[in-house]
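Okay, structure first, notes after.
The values are calculated or read from the model by the stated rules, or taken from the named source; none is laboratory data. Given the structure is predicted, the values throughout are model-derived calculations rather than measurements. Reconstructed Cβ throughout: ideal geometry from the backbone, glycine too, with neighbour counts over all protein chains shown.
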Amino acid sequence: MPTKNEDTLLQKPTDWRAWVNDLVRYKDTTLIASILAENLETIHQAFTFLDGDIVVASHPKSGTTWMQNIVSLLIDGADPEKLKGQALYQRVPWLEGKEDLDCDWGYQLLENQASPRLMKTHVYGPLVPPTMLQKARIVYIVRNPKDIAVSYFHMHRAYHFLPDVPWDEFITELFLPGKLQYGPWHKHALYWWKLSKSHSNILFIHFEDLVKDLKTQVEKIAVFLGKELTVNAIEKVVKEASFESMKANQAVNYSQVEAMGHEISPFIRKGTVGDWINHFSAEQNRRFEQTFEVWMDGSDLQIDFL
Ligand code: PPS
């Protein structure tokens, strides 16, 4: 396996095809660094999930951070004091990774947190630790893959350690063949969709529903997490989780993360459904639709693109 280490993470790769060739294939998915595979092995073997753990699971760019914030706000009872001061990625660490170079890996941060511990993960399939499924309550957020591809494309522009890739090649050579980290999208979404039907501890939420009616979805997530909040507290969560609030909030908008060039493309970027229309040519859309039809054959998962 190729070895990439932290020293290389702040240099923008100039040759994106060489970068793609260097990606790590591990248990049916793609990772950008072998250290993530090592962390996943460690988590499988040594990380103890506890009753009360709450996991936000997602394919990248599906609204993970949005859901992390909602879950964190709900668990903290929308207490204004707890909303300030701590970066969201410390309050809800990325189980197998880390968001900034100088912090510990998520699973290490979590060892020291009091229950209920909150975490995010991008794993699916054989990467998922079996005890997570037994012990934790899991909120999975799904998003239509056209908008994910757009969001992912802009993330590549912004992150210093990810290469810029021309849009057409990004779609046809990376996103559709599942060569981006944690791809391919359909295996991810369909794995969690299928599992959510047989596990009452998994709640499946659509990004598009959050955009349509945030309050109703927040109430649903609160019930799932067993949190009885006052009307005022729910309203506070909805306000703090709005696009405008999150974009302005340094604790959640990743503006303090040194690996990101916010001036190129901010992390909380557009937050809409259907931005793909502004990026896809008719031919790109045709190819995407063709692949999407094959991906979804035999599944009853409904995805809204608009
Ligand atoms: S990551 O890197 O995988 O953790 O990214 P992720 O958090 O999953 O997804 C980032 C996209 O979520 C959008 N976002 C929001 N949209 C609407 N409202 C709120 N409050 C919100 N918070 C995050 C964010 O803007 C990214 O989508 P795009 O389409 O790029 O704007």
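Structure summary
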item: Close pairs from the stretch 260-281: first farther than 24 Å from Gln250 by Cα, partner more than 9 Å from the ligand (Cβ to nearest atom) and in a loop (DSSP other than H, G, I, E, B), Cβ under 6 Å, at least 6 apart; result: Gly274/Leu306
item: Glu235 vs. criteria outside any helix (DSSP H, G or I) and away from the ligand (no atom under 13 Å from the Cβ); result: no
item: Failed criterion for Leu40 (all others in (1) at pLDDT 95 or above; (2) within 16 Å of the ligand (Cβ to nearest atom); (3) closer than 20 Å to Ala189 by Cβ hold); result: (2)
item: Odd one out for Phe243 among (1) within 15 Å of the ligand (Cβ to nearest atom); (2) out of contact with any Gly (no Cβ under 7 Å at 6 or more places or on another chain); result: (2)
item: Search result, residues across the stretch 15-33 that are aliphatic (A, V, I, L, M) and free of Cβ contacts under 8 Å to residues at least 12 places away in the same chain; result: Ala18
item: Candidate set from the stretch 264-303 (those that are of a type in the set (Val, Ile, Thr), in a loop (DSSP other than H, G, I, E, B) and over 13 Å from Pro145 (Cβ atoms)); member that is nearest to the ligand (Cβ to nearest atom); result: Ile268
item: Qualifying residues in the stretch 134-193 (those that are surrounded by fewer than 18 Cβ atoms within 10 Å (Cβ to Cβ) and of a type in the set (S, T, N, Q)) - the one nearest to Phe224 (Cα to Cα); result: Gln134
item: Flag for Lys12 being in contact (Cβ under 8 Å) with a residue 60 or more places away in the chain and away from the ligand (no atom under 16 Å from the Cβ); result: yes
item: Output for the stretch 60-92, where each listed residue is assigned to a loop (DSSP other than H, G, I, E, B), within 21 Å of Lys220 (Cβ to Cβ) and within 8 Å of the ligand (Cβ to nearest atom); result: Ser62, Gly63
item: Residue in the stretch 74-87 that is farther than 23 Å from Ile234 by Cβ, touching a residue at least 60 places away in the same chain (Cβ under 8 Å) and not acidic (Asp, Glu) present; result: yes
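Per-residue answers, yes or no, for (1) in contact (Cβ under 8 Å) with a residue 60 or more places away in the chain; (2) over 24 Å from Phe204 (Cα atoms); (3) touching a Leu at 6+ places or on another chain (Cβ under 7 Å):
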residue: Pro93; (1), (2), (3): no, no, yes
residue: Ala114; (1), (2), (3): no, yes, no
residue: His122; (1), (2), (3): yes, no, no
residue: Phe153; (1), (2), (3): yes, yes, no
